[in-house]
Amino acid sequence: MDTWYTKSLGDGMTASMPSKKIKNVFLRSFHAGGIPPEMAVFTRLESDGRLHCEVMAYFSPAAKELAKAFDAQSCDRPSRMGLDLLAGDEHSWSALFPELD
């Protein structure tokens, strides 16, 4: 299985700035790479029992170089439940989560 990457973007109030930065850098690589459907960044609000939610970014394996540029850590593929597409093509859903189509 290919390695995914994750990074905390902070709480829901402060995550917009790092989200915008990731999206802007992503789009340059995405277009230069020919808009591959397997290249995407997803986000999800997670609390893990804490009082405040934390926005987590999940970089697909094809976004490895971007993930490393943002010091993301390797992780298992996230479950699709609750994910939002931050950057990438809508076809990323079926390319990266084919069992749910």
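The values are calculated or read from the model by the stated rules, or taken from the named source; none is laboratory data. All of these numbers come straight from a predicted model, not from anything done at the bench. Cβ: placed from backbone, ideal geometry, glycine included. Neighbour counts: every protein chain shown. Accessible surface areas use protein heavy atoms only, side chains included; no ligands, DNA or RNA. Shrake-Rupley method; radii C 1.70, N 1.55, O 1.52, S 1.80 Å.
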FRET E, pair Leu27, His52, Förster distance 22 Å, beta-carbon r, rounded to 0.05: 0.15
Accessible surface, the stretch 9-48, averaged per residue in Å² (probe 1.4 Å): 58 Å²
Angle between the chain longest axis and helix 16-32 axis [Cα atoms, degrees, rounded to 10]: 10 degrees
Where labels lie 7 Å past Cα in the beta-carbon direction, separation of Glu90 and Lys68 in nm: 3.3 nm
Rg [Å, one decimal], Dmax [Å, integer] - the chain, C-alpha atoms: 12.9, 41
